Amino acid sequence: MDNELLFPCSEETISVGAFRFTLCMIRSLDDALDHYVRVSPSDTDRIPYFTRLWESAEALAGYISEHHELFIGKRVLELGCGLGLPSLCAARCGAQVTASDFHPDNRAFFLRNAQLNALEDIAYHTMDWRRPDLTGTFDVLLGSDLIYEKEMVPHLVKCVKQYFAPSGTFLYADPGRSALQNFTSALEQNGLTWELIPVDNIYLQRWTAR
């Protein structure tokens, strides 16, 4: 079942600008970590990053809520969506959203959050950046705190280039991970240019084509 959750959850109300969202979040991160240590002790892809709301996702969602004009009627793809707050914000602004994440257990949590907020038209796709399999390009790409594993940088850059529409925008929020400079340089080398929009202690980059 798409909405069958793996862990006990609670619902929390999150305010983002003028928006309010209800998010389903697991009650105990320790229980989730213990579960994955038991079932897949050597598989780092199973680390449950999706089970918490990260500051970068909140910062990105805040920016989205304040810039409706970027999203009305646009095709939007969120990479590594986790709980999906930026996707929910973009959909609330009137975008046609596809949320994606690689973790095999993320789908149920995202779909529950879309349901809780009456945004069930959002599409969800399980996708590995190393083998991206969506078709077409998107007007806006979204990402937040995606490069905590530096080995994923070249795969993410390739994925961004693959789905970046010629007149598109890529909004990326990061807390200042060690790989951020390498990620930034790689996107520049691939023909994109950016501006920095500080949001509290988060680095928000707005990327466009040169």
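So the check is Cβ under 7 Å with 6+ separation or different chains; which pairs have a first residue in the stretch 15-43 that's over 26 Å from A90 (Cβ atoms) and a second one that's of a type in the set (A, V, I, L, M, F, W, C) and surrounded by 14 or more Cβ atoms within 10 Å (Cβ to Cβ)?
Close Cβ pairs (under 7 Å, with a partner that is of a type in the set (A, V, I, L, M, F, W, C) and surrounded by 14 or more Cβ atoms within 10 Å (Cβ to Cβ)) amount to R27/C9; D31/F7; A32/F7; A32/I26; Y36/I47.
Looking only at the stretch 34-51, count every residue that is under 17 Å from E149 (Cβ atoms), open to solvent by 50 Å² or more (accessible area, probe 1.4 Å), assigned to a helix (DSSP H, G or I) and not hydroxyl-bearing (S, T, Y) and tell me the total.
Qualifying residue count, the stretch 34-51: 2.
Out of the stretch 123-152, which residues are touching a Leu at 6+ places or on another chain (Cβ under 9 Å), of a type in the set (A, V, I, L, M), open to solvent by 10 Å² or more (accessible area, probe 1.4 Å) and not in a loop (DSSP other than H, G, I, E, B)?
Within the stretch 123-152, just M152 meets the criteria.
Before we move on, is H67 closer than 19 Å to R131 by Cβ and not hydrophobic (A, V, I, L, M, F, W, C)?
Answer is no for this residue.
The rows are residues; the columns are (1) small (G, A, S); (2) surrounded by fewer than 24 Cβ atoms within 10 Å (Cβ to Cβ); (3) at pLDDT below 95; (4) assigned to a strand (DSSP E or B).
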site	(1), (2), (3), (4)
L53	no, yes, yes, no
A61	yes, no, no, no
S65	yes, yes, no, no
S87	yes, no, no, no
R107	no, yes, yes, no
F110	no, no, yes, no
D121	no, yes, no, no
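Just need a number here: residues in the stretch 155-210 that are in a strand (DSSP E or B) and within 16 Å of the chain's Cα centre (by Cα).
Adding up the residues that qualify gives 13.
The values are calculated or read from the model by the stated rules, or taken from the named source; none is laboratory data. Note that the structure is predicted; figures quoted are calculated from it, not measured. All Cβ positions, even for glycine, are placed from backbone atoms using ideal geometry, and neighbour counts span all protein chains on display. When the accessible area is computed, the model is the full protein with side chains, heavy atoms only, and any ligands, DNA or RNA have been set aside. Shrake-Rupley method; radii C 1.70, N 1.55, O 1.52, S 1.80 Å.
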